[in-house]
(Lines give C-alpha, C1' and ligand atoms only; values in the text may rest on other atoms or scores of the structure.)
Protein backbone atom coordinates (compact mmCIF):
# COMPACT_ATOMS: atom_id res chain seq x y z
CA UNK A 1 0.00 0.00 0.00
CA UNK A 2 1.45 3.39 -0.97
CA UNK A 3 1.33 6.51 1.22
CA UNK A 4 -1.36 7.86 -1.10
CA UNK A 5 -3.64 4.91 -0.31
CA UNK A 6 -3.04 4.75 3.43
CA UNK A 7 -5.54 6.54 5.68
CA UNK A 8 -4.25 9.66 7.44
CA UNK A 9 -5.07 8.19 10.86
CA UNK A 10 -2.21 5.72 10.38
CA UNK A 11 0.23 8.60 10.77
CA UNK A 12 2.19 8.70 14.03
CA UNK A 13 4.17 11.64 15.39
CA UNK A 14 7.77 11.30 16.52
CA UNK A 15 9.62 14.03 18.47
CA UNK A 16 13.30 14.63 17.70
CA UNK A 17 15.51 16.77 19.95
CA UNK A 18 18.89 15.47 18.79
CA UNK A 19 19.89 13.63 15.62
CA UNK A 20 20.22 10.26 17.37
CA UNK A 21 16.46 10.52 18.18
CA UNK A 22 15.69 10.10 14.47
CA UNK A 23 13.70 6.95 13.71
CA UNK A 24 15.70 3.93 12.57
CA UNK A 25 16.48 4.10 8.88
CA UNK A 26 16.07 7.88 8.67
CA UNK A 27 19.20 10.03 8.44
CA UNK A 28 19.59 13.75 8.94
CA UNK A 29 20.26 14.07 5.21
CA UNK A 30 16.92 12.31 4.52
CA UNK A 31 15.16 14.91 6.68
CA UNK A 32 16.99 17.77 4.94
CA UNK A 33 15.97 16.42 1.53
CA UNK A 34 12.36 15.89 2.68
CA UNK A 35 11.94 19.50 3.84
CA UNK A 36 13.70 20.86 0.77
CA UNK A 37 11.68 18.88 -1.75
CA UNK A 38 8.24 18.88 -0.05
CA UNK A 39 8.07 22.64 0.57
CA UNK A 40 8.24 23.48 -3.15
CA UNK A 41 7.61 26.01 -4.53
CA UNK A 42 8.14 27.78 -1.16
CA UNK A 43 11.34 25.89 -0.39
CA UNK A 44 14.76 26.87 0.84
CA UNK A 45 18.08 25.66 -0.50
CA UNK A 46 19.49 22.37 0.75
CA UNK A 47 22.22 24.35 2.53
CA UNK A 48 19.70 26.61 4.28
CA UNK A 49 17.58 23.64 5.39
CA UNK A 50 20.71 21.94 6.76
CA UNK A 51 21.69 25.15 8.62
CA UNK A 52 18.18 25.37 10.08
CA UNK A 53 18.33 21.80 11.36
CA UNK A 54 21.85 22.34 12.72
CA UNK A 55 20.49 25.35 14.66
CA UNK A 56 17.58 23.26 15.99
CA UNK A 57 20.01 20.61 17.23
CA UNK A 58 22.53 23.10 18.68
CA UNK A 59 23.15 23.12 22.41
CA UNK A 60 24.63 26.65 22.30
CA UNK A 61 23.02 29.18 24.62
CA UNK A 62 20.00 30.85 23.03
CA UNK A 63 19.79 28.24 20.27
CA UNK A 64 18.19 24.83 19.94
CA UNK A 65 14.78 23.57 19.11
CA UNK A 66 13.18 20.34 17.96
CA UNK A 67 11.46 18.50 15.15
CA UNK A 68 8.22 16.59 15.10
CA UNK A 69 8.06 14.06 12.30
CA UNK A 70 4.94 12.47 10.86
CA UNK A 71 5.59 8.81 10.03
CA UNK A 72 3.43 6.40 8.07
CA UNK A 73 4.50 2.83 7.59
CA UNK A 74 7.99 3.81 8.76
CA UNK A 75 8.33 6.52 6.09
CA UNK A 76 8.51 10.25 6.77
CA UNK A 77 5.38 11.91 5.36
CA UNK A 78 5.57 15.23 7.21
CA UNK A 79 7.63 17.28 9.58
CA UNK A 80 7.93 20.52 11.47
CA UNK A 81 11.04 22.32 12.71
CA UNK A 82 10.82 24.70 15.65
CA UNK A 83 13.72 26.94 16.66
CA UNK A 84 14.30 28.65 19.98
CA UNK A 85 15.10 32.32 19.38
CA UNK A 86 16.68 33.04 22.76
CA UNK A 87 14.44 36.11 22.94
CA UNK A 88 11.05 37.01 24.41
CA UNK A 89 8.48 39.76 24.06
CA UNK A 90 9.01 41.74 20.88
CA UNK A 91 10.71 38.73 19.28
CA UNK A 92 8.75 35.57 20.15
CA UNK A 93 10.54 32.77 21.97
CA UNK A 94 10.05 30.30 19.10
CA UNK A 95 10.15 30.28 15.33
CA UNK A 96 8.26 27.78 13.21
CA UNK A 97 11.01 27.40 10.63
CA UNK A 98 9.80 24.56 8.39
CA UNK A 99 6.60 22.60 8.05
CA UNK A 100 6.05 20.19 5.19
CA UNK A 101 3.70 17.37 4.28
CA UNK A 102 4.07 14.95 1.39
CA UNK A 103 1.95 16.43 -1.42
CA UNK A 104 0.02 13.15 -1.79
CA UNK A 105 -1.22 13.50 1.81
CA UNK A 106 -1.98 17.22 2.01
CA UNK A 107 -5.44 18.25 3.12
CA UNK A 108 -5.76 15.34 5.56
CA UNK A 109 -4.93 17.22 8.75
CA UNK A 110 -1.30 16.11 9.08
CA UNK A 111 0.10 19.66 8.94
CA UNK A 112 -2.34 20.80 11.61
CA UNK A 113 -1.43 17.83 13.83
CA UNK A 114 2.26 18.71 13.48
CA UNK A 115 1.67 22.37 14.37
CA UNK A 116 -0.55 21.53 17.36
CA UNK A 117 2.04 19.01 18.62
CA UNK A 118 4.67 21.76 18.43
CA UNK A 119 2.37 24.16 20.33
CA UNK A 120 2.09 21.61 23.14
CA UNK A 121 5.88 21.41 23.47
CA UNK A 122 6.63 25.11 23.86
CA UNK A 123 6.04 27.87 26.35
CA UNK A 124 5.82 31.41 25.07
CA UNK A 125 4.98 32.88 21.71
CA UNK A 126 5.78 31.49 18.27
CA UNK A 127 6.18 33.22 14.94
CA UNK A 128 6.59 32.10 11.36
CA UNK A 129 7.26 33.62 7.97
CA UNK A 130 4.88 32.77 5.14
CA UNK A 131 4.64 34.16 1.65
CA UNK A 132 1.37 35.96 1.03
CA UNK A 133 0.30 33.60 -1.77
CA UNK A 134 1.18 30.34 0.04
CA UNK A 135 -2.03 28.28 0.45
CA UNK A 136 -0.73 27.06 3.86
CA UNK A 137 -1.41 30.57 5.14
CA UNK A 138 -5.06 29.56 5.73
CA UNK A 139 -3.91 26.68 7.95
CA UNK A 140 -1.67 28.99 9.97
CA UNK A 141 -4.54 31.44 10.51
CA UNK A 142 -6.90 28.59 11.47
CA UNK A 143 -4.52 27.41 14.23
CA UNK A 144 -4.13 30.91 15.67
CA UNK A 145 -1.37 32.75 13.83
CA UNK A 146 -2.17 36.33 12.84
CA UNK A 147 -0.44 38.88 10.67
CA UNK A 148 0.89 41.45 13.11
CA UNK A 149 3.76 42.97 11.14
CA UNK A 150 4.88 43.48 7.60
CA UNK A 151 8.38 42.09 7.24
CA UNK A 152 10.84 44.23 5.34
CA UNK A 153 14.38 43.21 4.46
CA UNK A 154 17.44 44.72 2.89
CA UNK A 155 19.68 42.12 1.31
CA UNK A 156 23.36 42.89 0.89
CA UNK A 157 23.88 41.82 -2.68
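Checking residue 120 against (1) modelled with pLDDT of 95 or more; (2) surrounded by 12 or more Cβ atoms within 10 Å (Cβ to Cβ), which single condition isn't satisfied?
(2)
What's the number of the condition residue 91 fails, among (1) surrounded by fewer than 21 Cβ atoms within 10 Å (Cβ to Cβ); (2) under 21 Å from residue 143 (Cβ atoms); (3) at pLDDT 95 or above?
(3) is the only condition that residue 91 fails.
Just to be sure, is residue 20 under 28 Å from residue 124 (Cα atoms), free of Cβ contacts under 8 Å to residues at least 40 places away in the same chain and assigned to a helix (DSSP H, G or I)? Reasoning before the result, please.
On the way: under 28 Å from residue 124 (Cα atoms): yes; free of Cβ contacts under 8 Å to residues at least 40 places away in the same chain: yes; assigned to a helix (DSSP H, G or I): yes.
For residue 20, the condition - under 28 Å from residue 124 (Cα atoms), free of Cβ contacts under 8 Å to residues at least 40 places away in the same chain and assigned to a helix (DSSP H, G or I) - is met.
With the requirement that a residue be on the phi > 0 side of the Ramachandran plot and surrounded by 15 or more Cβ atoms within 10 Å (Cβ to Cβ), what does the stretch 105-117 give you? Give the derivation first.
If we filter the stretch 105-117 for residues that are on the phi > 0 side of the Ramachandran plot, which is where we start, we get 107, 109.
If the condition is that a residue be on the phi > 0 side of the Ramachandran plot and surrounded by 15 or more Cβ atoms within 10 Å (Cβ to Cβ), then 109 is the only one that fits.
Please determine, by comparing only the residues of the stretch 44-64 that are more than 17 Å from residue 95 (Cβ to Cβ) and in a loop (DSSP other than H, G, I, E, B), which one is nearest to the chain's Cα centre (by Cα). Can you show your working first?
Pass one, the stretch 44-64, residues more than 17 Å from residue 95 (Cβ to Cβ): 45-47, 59.
Imposing the further condition that a residue be in a loop (DSSP other than H, G, I, E, B) reduces the set to 45, 59.
Working: 45: 15, 59: 19 Å.
This residue is 45.
Return the residue satisfying two criteria in turn: it lies in the stretch 4-20 and is surrounded by fewer than 15 Cβ atoms within 10 Å (Cβ to Cβ) and touching a strand residue (DSSP E or B) at 6+ places or on another chain (Cβ under 7 Å), and of such residues it is modelled with the lowest pLDDT.
For the stretch 4-20, the residue satisfying everything is 10.
Kindly indicate whether residue 131 is closer than 16 Å to residue 81 by Cα and touching a residue at least 24 places away in the same chain (Cβ under 8 Å). Outline the logic, then answer.
Working: closer than 16 Å to residue 81 by Cα: no; touching a residue at least 24 places away in the same chain (Cβ under 8 Å): yes.
Here the answer is no, as residue 131 does not meet what is asked.
Could you please find all residues in the stretch 126-142 being closer than 16 Å to residue 116 by Cβ and surrounded by 13 or more Cβ atoms within 10 Å (Cβ to Cβ)?
Of the residues in the stretch 126-142, the ones closer than 16 Å to residue 116 by Cβ are 126, 128, 136, 138-142.
The answer is 126, 128, 136, 139, 140.
Please enumerate the residues belonging to the stretch 45-80 that are closer than 21 Å to residue 103 by Cβ, modelled with pLDDT of 95 or more and surrounded by fewer than 16 Cβ atoms within 10 Å (Cβ to Cβ).
45, 46, 48 - these are the residues of the stretch 45-80 that are closer than 21 Å to residue 103 by Cβ, modelled with pLDDT of 95 or more and surrounded by fewer than 16 Cβ atoms within 10 Å (Cβ to Cβ).
The values are calculated or read from the model by the stated rules, or taken from the named source; none is laboratory data. Just so we're clear, the structure is a prediction, and the values are computed from it rather than from any experiment. For neighbour counting, all protein chains shown are included, and Cβ atoms are generated from backbone atoms with ideal geometry for every residue, glycine included.
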